[in-house]
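The values are calculated or read from the model by the stated rules, or taken from the named source; none is laboratory data. Predicted, not measured: the structure shown is a model, and the values here were computed from it. Please note: Cβ atoms are built from the backbone with ideal geometry, for glycine as well, and neighbour counts cover all protein chains shown. Calculation scope for accessible area: heavy atoms of the full protein, side chains included, ligands and nucleic acids excluded. Shrake-Rupley method; radii C 1.70, N 1.55, O 1.52, S 1.80 Å.
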2 protein chains.
Amino acid sequence: MSDTGVTVKKNIDFSEWYVEVVLKAELADYAPVKGCMIIRPDAYAVWEKIQEVVNQKIKATGHRNTYFPMFIPETFLKQEAEHFEGFTPEVAWITQGGNTPLEEKLAVRPTSETIMYSMYSKWIRSWRDLPLKINQWCNIVRWETKATKLFLRTREFLWQEGHTAHATAEECETEVMWALNMYKDIIENTLAIPVLIGTKSESEKFAGALYTTAVESIMPDGKALQMGTSHNLGQHFAKVFDVKYIGEDKMDHFVWQSSWGITTRLIGAMIMIHGDDKGLIMPPKVAPTHVVIVPIPFKGQDTEAIAAKTQEIAEILKNKGLSVILDDRQEYTPGWKFNQWELKGIPIRIELGPRDLKNCQVVIVRRDTGQKTFVKETDILTTIETLLQDIQNNMLIKARNILQEKTTAVKSYDEFKQIVESKGGFIKVSWCRNPECEAKIKEETGATIRIIPFEKETPQTNCIYCGRTGKDTAYFARSY
Amino acid sequence: MSDTGVTVKKNIDFSEWYVEVVLKAELADYAPVKGCMIIRPDAYAVWEKIQEVVNQKIKATGHRNTYFPMFIPETFLKQEAEHFEGFTPEVAWITQGGNTPLEEKLAVRPTSETIMYSMYSKWIRSWRDLPLKINQWCNIVRWETKATKLFLRTREFLWQEGHTAHATAEECETEVMWALNMYKDIIENTLAIPVLIGTKSESEKFAGALYTTAVESIMPDGKALQMGTSHNLGQHFAKVFDVKYIGEDKMDHFVWQSSWGITTRLIGAMIMIHGDDKGLIMPPKVAPTHVVIVPIPFKGQDTEAIAAKTQEIAEILKNKGLSVILDDRQEYTPGWKFNQWELKGIPIRIELGPRDLKNCQVVIVRRDTGQKTFVKETDILTTIETLLQDIQNNMLIKARNILQEKTTAVKSYDEFKQIVESKGGFIKVSWCRNPECEAKIKEETGATIRIIPFEKETPQTNCIYCGRTGKDTAYFARSY
């Protein structure tokens with residue numbers, strides 16, 4: 001199995017384990033262009049499930065999908081100074097069309113605020129046009145200079161970006177929180193990854209935003225991963241791009257804007273959080289295949305009767321909308337097949353051999369725990385349906401316990417430094433809100449503020465760094 | 001209405017009519033980047049319906065979606081000479097990442113054969129890996145130098161590209177025809193646009209293909225529009241990118257490949273074919289909204305009872321999965337609303353006024369014919385369901401009749417020239433298969449061979465240009 005199975009243990013060399021799982025489970029591959037990747041069918045199917053859930057939620061709340069060009073004139077990016085400064089070091093530039101040099105070079109979108117809002121300025125006339133709630137699914141390019149990593153950091157990735165315009169600051173704030181909570185819901189209840197939500201500090205916010213909120217979690221190596229952001233842009237971009245509306249008061253007002261996004265990085269988080277030494281474990285709600293059926297033995301005794309029975313079971317499950325693979329290939333042994341489908345993380349395996357046939361039963365094996373059960377033929381469908389829900393729940397609970405273990409509240413900077421170096425994870429502290437303390441901690445430990453939770457804790461202890469009065473609870477961590 | 005309604009008649013100035021409908025019905029807008037467009041929500045929703053239907057058909061036949069990078073190294077494009085020559089004049093080039101010039105410039109994909117097949121060469125090992133049937137939905141860039149036109153020709157557009165590899169030439173041919181027929185089915189039965197299918201002549205085939213098949217139709221101005229292509233790539237790319245498999249015979253073989261695609265251009269075709277002087281007419285199967293309900297009067301007498309009843313009807317229709325707008329805005333008159341929703345092409349309008357309320361009825365108006373019917377309240381749902389199917393069918397029949405009128409069989413070159421200049425459309429002729437005749441006809445009339453149908457007609461008459469023995473029936477036309 002060494003050339004097809006995972007050869008590295010997750011808790012021995014996490015980074016190498018991750019790459020092996022991604023490549024061997026055929027989720028992605030390195031592209032011939034440096035820093036880029038190919039999203040292969042099983043991973044793209046997960047992305048399609050995420051799209052389905054997000055689309056359902058955004059459409060139900062009146063957001064609509066669109067498509068804007070990926071080319072952004074340099075002058076547009078430059079209009080919001082902070083935004084330009086934040087993104088230009090990572091922009092890929094088109095300078096030539098056919099054999100002709102372009103008059104103005106064009107950025108491949110690193111994000112679409114500028115091009116979208118130049119149009120909002122034209123489309124929005126009066127309060128009747130508000131709120132404007134638009135979303136797009138597209139590719140994004142950021143010319144990373146840091147080391148890239150499959151799904152987590154690549155020069156091109158896929159995402160969804162919501163961009164809304166509102167009449168009032170309050171409505172805009174509500175939207176920012178709505179998007180953030182939608183992400184939390186989907187990441188926890190679909191991908192089974194528990195998260196923290198909160199705001200970012202000034203130094204970590206989106207370039208051009210009033211403030212940024214985010215969804216974060218801790219990966220098994222103790223590093224934090226940002227998995228979604230929702231920005232309150234205030235009126236910054238509205239003023240730069242002249243996005244105004246005539247109110248019911250007949251006066252001109254600038255709109256209030258939000259933007260929010262999640263990316264294919266979520267697939268990387270899912271792999272890291274749930275996988276084990278055998279490979280991937282897919283949460284049932286995004287699994288491209290729910291059940292694999294393996295007839296045993298694959299040749300010889302009772303072959304035909306077993307083939308007929310497994311086909312019958314496959315049909316019953318498919319008719320209920322489940323995605324099923326019946327692996328009746330003759331050229332592989334059952335053991336080889338078990339390994340392959342475990343590597344690919346299919347939530348449930350059904351085995352059926354001669355003795356099972358005689359006893360009108362099957363063997364059901366769940367991928368998350370490895371637990372085997374004999375199930376009467378008549379109970380297969382209900383067992384599978386319950387089990388898929390159980391697996392989904394169990395994966396979230398397990399991950400939640402791990403997140404809790406990886407979260408440490410500390411009261412001294414010595415303890416802070418010790419935790420950063422040993423177990424990592426979220427380190428919960430009090431902070432005086434002074435950016436200098438934050439910068440010093442980053443410089444000295446590599447840890448940054450990942451999340452400032454919305455609920456304030458009282459009484460606050462003193463700032464972990466300077467010892468002055470603590471104003472915020474902050475979760476620090478080293479991060480991806 | 002002049003600033004919101006269509007001011008030009010379709011049969012007076014078709015080109016201007018088209019632009020007005022697209023802009024005023026808010027299907028698209030010009031982007032700030034020359035030659036690019038924004039696909040607005042109502043048009044994007046049509047694209048999503050097309051995606052849904054195509055995905056259903058390709059997944060049911062074992063194709064799987066993926067995502068490949070949009071950057072293609074120049075050396076890759078150069079590997080298949082004909083392919084390179086065909087595409088380079090239209091390639092947008094990335095030459096700079098951040099502040100650093102790239103060592104090798106990167107093409108933004110004009111199509112993905114080269115980057116995909118460089119990976120197929122790695123992924124395909126033996127006959128067990130075949131067929132490989134992969135599809136992707138993505139953006140494509142072709143740096144057009146011709147005048148651009150919303151949906152029909154823009155520098156960036158969206159498409160789907162299927163790329164398959166097969167063990168045998170026969171299997172590959174079957175796939176090419178499968179894709180072509182799938183497109184014909186979707187374009188006719190979902191978009192209600194009748195088409196011809198057939199092969200392209202050598203001079204019109206895809207750069208690098210063995211042969212190209214296509215789906216074409218005639219637009220109301222008499223020009224042909226190519227709406228989908230399916231290419232048999234033979235072993236050209238397999239040989240260049242070394243895509244080989246070990247057969248059951250233990251020998252190495254090159255794979256046989258197909259590629260096929262449809263684009264957002266289909267939305268343009270839908271607008272052109274079905275629209276009228278009032279604006280758009282959406283085929284029910286892709287309409288983002290099926291039914292608009294307008295309460296009459298919008299204020300005064302019986303207002304509350306009418307509001308309650310229209311809401312009740314809206315709920316009944318929504319519960320059946322229909323997309324419904326209840327336009328109860330106070331600030332517009334019913335007449336204004338009728339015009340707006342006709343402009344947007346919503347298939348069915350329901351009106352409900354005080355007299356209707358008293359008589360337990362509604363007025364139902366179909367967009368395609370303008371026909372009004374009084375319908376008993378209890379019959380609304382079944383009437384709407386039948387009517388949507390009727391409208392869909394009627395739109396196809398109407399368009400089919402027009403296509404027939406726009407197809408002329410001619411036997412002399414004089415007649416050919418006269419038809420090209422007068423009514424345009426498909427001109428059906430005999431052709432000797434000599435590329436020189438084809439080139440001369442193009443030079444002298446601007447018409448090219450759009451389709452060579454699969455069924456040969458016998459007896460053939462002589463070649464329309466040179467008078468020698470006719471070998472093929474060919475449909476010529478001027479085209480977009």
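Data overview
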{"item": "Subset of the stretch B:102-116 [in a helix (DSSP H, G or I) and away from every other protein chain (no Cβ under 11 Å)]", "result": "B:E113"}
{"item": "Checking A:R125 against (1) modelled with pLDDT of 95 or more; (2) more than 11 Å from every other protein chain (Cβ to nearest Cβ); (3) within 29 Å of the chain's Cα centre (by Cα), the condition it does not meet", "result": "(3)"}
{"item": "Subset tally (residues that are out of contact with any Phe, Trp or Tyr (no Cβ under 9 Å at 6 or more places or on another chain) and closer than 21 Å to B:R40 by Cβ) for the stretch A:58-80", "result": "11"}
{"item": "Residue count for the stretch A:74-101, restricted to those that are among the β-branched types (V, I, T) and either in a strand (DSSP E or B) or not assigned by TED's automatic domain parsing to the domain that holds A:V33 (or both)", "result": "3"}
{"item": "Helices (runs of 4 or more DSSP H) lying entirely in the stretch A:380-480 (those with 2 or more residues that are in contact with a Phe, Trp or Tyr (Cβ under 6 Å, 6 or more places away or on another chain))", "result": "A:435-445"}
{"item": "Complete set of residues in the stretch A:114-173 that are open to solvent by 40 Å² or more (accessible area, probe 1.4 Å), under 30 Å from B:L102 (Cβ atoms) and in contact with a strand residue (DSSP E or B) (Cβ under 7 Å, 6 or more places away or on another chain)", "result": "A:K146"}
{"item": "Residue among A:T95, A:T88 that alone is facing another protein chain (nearest Cβ under 7 Å), without any contact (Cβ under 8 Å) to a residue 60 or more places away in the chain and closer than 24 Å to A:M37 by Cα", "result": "A:T95"}
{"item": "Subset of the stretch A:338-378 [surrounded by fewer than 14 Cβ atoms within 10 Å (Cβ to Cβ) and outside any loop (DSSP other than H, G, I, E, B)]", "result": "A:R355, A:K358, A:K372, A:T373, A:F374, A:K376, A:T378"}
{"item": "Residue tally, condition among the aromatic types (F, W, Y) and surrounded by 19 or more Cβ atoms within 10 Å (Cβ to Cβ), over the stretch B:328-337", "result": "0"}
{"item": "Matching entry among A:I325, A:I281, A:I296 (being outside the structural domain of A:V215 (by TED's automatic domain parsing), surrounded by 15 or more Cβ atoms within 10 Å (Cβ to Cβ) and at pLDDT below 95)", "result": "A:I296"}
{"item": "Members of the stretch B:192-251 that are within 22 Å of the chain's Cα centre (by Cα) and part of a helix (DSSP H, G or I)", "result": "B:E204"}
{"item": "Of residues in the stretch A:447-480 being surrounded by 15 or more Cβ atoms within 10 Å (Cβ to Cβ) and of a type in the set (G, A, S), the one farthest from the chain's Cα centre (by Cα)", "result": "A:G470"}
{"item": "Residue list for the stretch A:277-293, filter: at negative phi and either out of contact with any Leu (no Cβ under 7 Å at 6 or more places or on another chain) or outside any loop (DSSP other than H, G, I, E, B) (or both)", "result": "A:D277, A:I281, A:M282, A:K285, A:A287, A:P288, A:T289, A:V291, A:V292, A:I293"}
{"item": "Candidate set from the stretch B:54-73 (those that are part of a helix (DSSP H, G or I) and open to solvent by less than 40 Å² (accessible area, probe 1.4 Å)); member that is nearest to the other protein chains (Cβ to nearest Cβ)", "result": "B:N55"}
{"item": "Out of B:K440, B:K428, sole residue that is modelled with pLDDT of 95 or more, of a type outside the set (G, A, S) and open to solvent by 70 Å² or more (accessible area, probe 1.4 Å)", "result": "B:K440"}
{"item": "Candidate set from the stretch A:133-172 (those that are within 9 Å of chain B (Cβ to nearest Cβ) and aliphatic (A, V, I, L, M)); member that is nearest to A:P41 (Cα to Cα)", "result": "A:L158"}
{"item": "Count - residues of the stretch A:205-240 that are touching a Lys or Arg at 6+ places or on another chain (Cβ under 8 Å), open to solvent by 40 Å² or more (accessible area, probe 1.4 Å) and among the acidic types (D, E)", "result": "0"}
{"item": "Those residues of the stretch B:317-337 which are within 31 Å of the chain's Cα centre (by Cα), part of a helix (DSSP H, G or I) and within 14 Å of another protein chain (Cβ to nearest Cβ), in sequence order", "result": "B:K318, B:K337"}
{"item": "Tally of residues being facing chain A (nearest Cβ under 8 Å) and outside any loop (DSSP other than H, G, I, E, B) across the stretch B:20-37", "result": "2"}
{"item": "Flag if B:W260 is open to solvent by less than 50 Å² (accessible area, probe 1.4 Å) and either in contact (Cβ under 8 Å) with a residue 40 or more places away in the chain or charged (D, E, K, R) (or both)", "result": "yes"}
{"item": "Conditions (1) more than 11 Å from every other protein chain (Cβ to nearest Cβ); (2) surrounded by fewer than 17 Cβ atoms within 10 Å (Cβ to Cβ); (3) β-branched (V, I, T); number of the one not met by B:V176", "result": "(2)"}
{"item": "A:I402 over 30 Å from A:G353 (Cβ atoms), among the β-branched types (V, I, T) and free of Cβ contacts under 8 Å to residues at least 12 places away in the same chain", "result": "no"}
